[in-house]
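Read the figures in this text as sums done on the coordinates, not as results from a lab. In this text the structure is predicted, and so the values were computed from the model without any measurement. Here the Cβ positions follow ideal geometry from the backbone for every residue, glycine too, while neighbour counts run over all protein chains shown.
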Amino acid sequence: PEQIWGAEATLDIEATDRLTVGGVFTYQDGRFRDETGRRRLTTDRITPTRLTVYGQFRADEDVQFRLQGTQSFARGGFAGGPFVPFGSYDYPDGNVPSFFILDGQIEFDVGPGVLSLNAQNLLNKRYFVPQIRATRDLFFATFAEGARVALQYQFRF
């Protein structure tokens, strides 16, 4: 009763011994059958088309920088989805608007591991993740907004 199709392409280019650039393009779509007919799958089952590009620079043997941008493209709604009383009035048919996210990372080889400082959503974009849009139940959902910074250490063994 469910069909999913898509394609994914990746490209990684070592431009120099210190610089790597690349990206990933992902496309998915699908349909399912229920008692009322065939319907388009929602974004809680598949993701909207997206493109991620990155540049990674190794300053020396112990330090590298990465900047990555992800464009999530708009996805049209789906017919006959469930009605949610507290759903989004802005997107009542499950439409998913496009958004762009920019992330950065600095990694340091330290002792037996790697110390990394990660920053997500550097442009402070206000958006809903596509999976939340699918159900249209936005009463308890909050926007993913604000830059997020994380410091982590990973041991190698």
Counting sequence-distant residues (5 or more places) and residues on other chains, those with an amide H built under 5 Å from that of R75 are V96
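What is the local net charge at V63, summed over the other residues whose Cβ is closer than 12 Å to its Cβ (Lys, Arg +1; Asp, Glu -1)? Numbers along the way, then the final one.
Numbers: positive: R18, R58, R66; negative: D60, E61, D62, E107, D109.
Residues near V63 contribute -2 overall.
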Scalar couplings 3J(HN,Hα) for the range 5-14 by Karplus 6.51 cos²θ - 1.76 cosθ + 1.60 (θ = phi - 60°), nearest whole Hz, x for Gly and Pro, are 9, x, 8, 9, 10, 10, 9, 10, 10, 8
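Grab the beta carbon distance between R45 and L67, set R0 = 41 Å, and tell me the FRET efficiency rounded to 0.05. Mind showing how you got there, number by number?
Numbers: r = 31 Å, r/R0 = 0.75.
Using R0 = 41 Å, I get an efficiency of 0.85.
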Length gained if A9 through D29 is fully extended, taking 0.36 nm per residue and subtracting the Cα-Cα distance, is 5.6 nm
The FRET efficiency for L19 and E145, from their Cβ-Cβ distance with R0 = 25 Å and rounded to 0.05, is 0.20
